[in-house]
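Only one structure is covered here, and it is reproduced in the block below.
None of the figures in this text is laboratory data; all of them are computed from the coordinates on show. Just so it is clear, the structure is predicted and the values come from calculations on it, not from any experiment. Heads up, the Cβs are rebuilt from the backbone with ideal geometry, glycines too, and the neighbour counts pull from every protein chain shown.
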Amino acid sequence: MIKTDLSGLSAFLPDIPDLKPARRELARLRKGTDADVQFSGWLRLPETWSPKLSSAVKDAAERVCSNSSFLVIIGAGGSFLGAKAALDLLSDRTANNVRPEVLFIGNTLSSTEIEHTIERLGEHDFSLNVISKSGSTLETLAAFHVFFKLLKAKYGSQAEKRVYITTGTEGGPLRKFADENGISAFDIPSDVGGRFSVLTAVGLFPMAVAGIDIDAVMTGAREELLSGEDAALTYAAARQSLYKAGKKIEILASFEPAFDSTALWWRQLFGESEGKAGRGIFPSTCSFTSDLHSMGQYIQDGERSVFETFVSFAERGSPLAIPSIPEMTGPGAKLAGRRFDEMNSLALKAVADAHIAGGVPLIRIEAPEISPHSFGSLVSFFELSCAVSAMLSGVSPFDQPGVEAYKNNLYRTLGIDR
Ligand code: PA5
């Protein structure tokens, strides 16, 4: 289970945040009948996960593994960040991992980036997974045209067998393309929004291709939703108390670089859910200890409108220790024999103490380990806390009028009907 520790707030908030309003919002969310919370289908995904759904995802993943060296994922925003988060945190990077390499594109209009992905594919065998709930996101469609053309040129009439489409059930251009070309599509349920969709095929299919145990992910997610709500509500309530106390920027930081992409998934989840109606905590991320040598200055000493949330893992890291170099003198020589995981934990404590003393409140979130189960728990924890936090601040967590405004403007500028 995920733990939330608020001891780093005691110098900043007079009282422990009251959980009653958060509990009321959670009850409203679970009921799901009010207009602002109707997109709450993600809450039910882990409990409705079944062997049949699991097999459908795994069978498709096995087909990709049997015939492809690369899987190209084409998607933007909520349609790729969750999968990238899981893969970067959990993928086996050892030399004997023979799974296809997963490349991400469809989130940019940079021709350089697209060309670079084409170069990476070279002459290798590949498959495509295009992901878009609406089926009309311009960056995604543009990239799909490029990579589908490549696929057609390479595989001719067999190309469609290498296309995996993940899209909304309400129609849309990708659903139509799938139906008309005999491509079976994975569904994104209508009551699950893009940024809350990682536990559908949006995230699970790429995870399965990468060899991640998707059933363990879903078990972690389910257990957290069943028994972890207090930790999530505590995080939500604490964030809102800090916001009211003038702390308008949250930095989510971890001391595990493999977590960086999960932090970017978190940034979208909270930024797009809360930043509306002229309010919302600005979510930003840091990777420690690396960013202590850059952003550490601002956090310690800059404007006092920042609070931090550290995500850590209870399990110890590998026993890797610093070897001795007999010829070395000075502080380096005294490091010999120290384990990296111990130094990383000590760094966390040193940073926490320094930042709190410098006027930066700290929330701590701890997951048991870096594993598929813990990843699922973290997804449920953050989705729940995000939805409740947005509701506490009086906005609907599930719309994104600002993103839609950008998408509509881009199409209008190009003179294309959406
Ligand atoms: O959370 C959201 O709704 C957005 O970030 C979408 O995921 C993103 O804009 C991509 O949309 P779509 O899946 O329709 O291509």
Residue selected from segment 235-287 under the condition out of contact with any helix residue (DSSP H, G or I) (no Cβ under 6 Å at 6 or more places or on another chain) and polar (S, T, N, Q), by the criterion nearest to the ligand (Cβ to nearest atom): SER284
Those helices (runs of 4 or more DSSP H) lying entirely in segment 302-418 with at least 3 residues among the hydrophobic types (A, V, I, L, M, F, W, C): 340-357, 372-392, 401-414
Where a residue in segment 182-203 is more than 22 Å from LEU103 (Cα to Cα) and its partner, wherever it lies, is among the small types (Gly, Ala, Ser) and more than 12 Å from the ligand (Cβ to nearest atom), with Cβ under 6 Å and at least six apart: PRO189/GLY41; ASP191/GLY41; VAL192/GLY41
Complete set of residues in segment 191-247 that are part of a helix (DSSP H, G or I), surrounded by fewer than 20 Cβ atoms within 10 Å (Cβ to Cβ) and small (Gly, Ala, Ser): ALA216, SER227
Strands (runs of 3 or more DSSP E) lying entirely in segment 41-158 (those with 3 or more residues that are without any contact (Cβ under 8 Å) to a residue 60 or more places away in the chain): 101-105, 126-132
Positions within segment 325-344 being touching a residue at least 12 places away in the same chain (Cβ under 8 Å), surrounded by 11 or more Cβ atoms within 10 Å (Cβ to Cβ) and not charged (D, E, K, R), in sequence order: LEU335, ALA336, PHE340, ASN344
Any hit, segment 355-373, residues being of a type in the set (S, T, N, Q) and under 17 Å from LEU45 (Cβ atoms): no
Count of residues meeting criterion [under 27 Å from MET1 (Cα atoms) and touching a residue at least 60 places away in the same chain (Cβ under 8 Å)] in segment 286-307: 3
Test result for SER157, away from the ligand (no atom under 11 Å from the Cβ), of a type in the set (Ser, Thr, Tyr) and crowded, with 17+ Cβ neighbours inside 10 Å: no
Condition met for GLY220 (within 16 Å of the ligand (Cβ to nearest atom) and under 17 Å from the mean Cα position of the chain (by Cα)): no
Residue in segment 384-400 that is surrounded by fewer than 24 Cβ atoms within 10 Å (Cβ to Cβ), away from the ligand (no atom under 13 Å from the Cβ) and of a type in the set (S, T, N, Q) present: yes
Whichever residue in segment 118-137 is surrounded by 21 or more Cβ atoms within 10 Å (Cβ to Cβ) and more than 16 Å from the ligand (Cβ to nearest atom) and, among such residues, is farthest from ILE165 (Cα to Cα): PHE126
Tally of residues being surrounded by 15 or more Cβ atoms within 10 Å (Cβ to Cβ) and farther than 30 Å from PHE196 by Cβ across segment 268-310: 4
Residue match in segment 59-72 (condition: within 12 Å of GLY211 (Cα to Cα) and touching a Gly at 6+ places or on another chain (Cβ under 6 Å)): no
Hey, SER393 hydroxyl-bearing (Ser, Thr, Tyr) and within 20 Å of ALA263 (Cα to Cα) or not: no
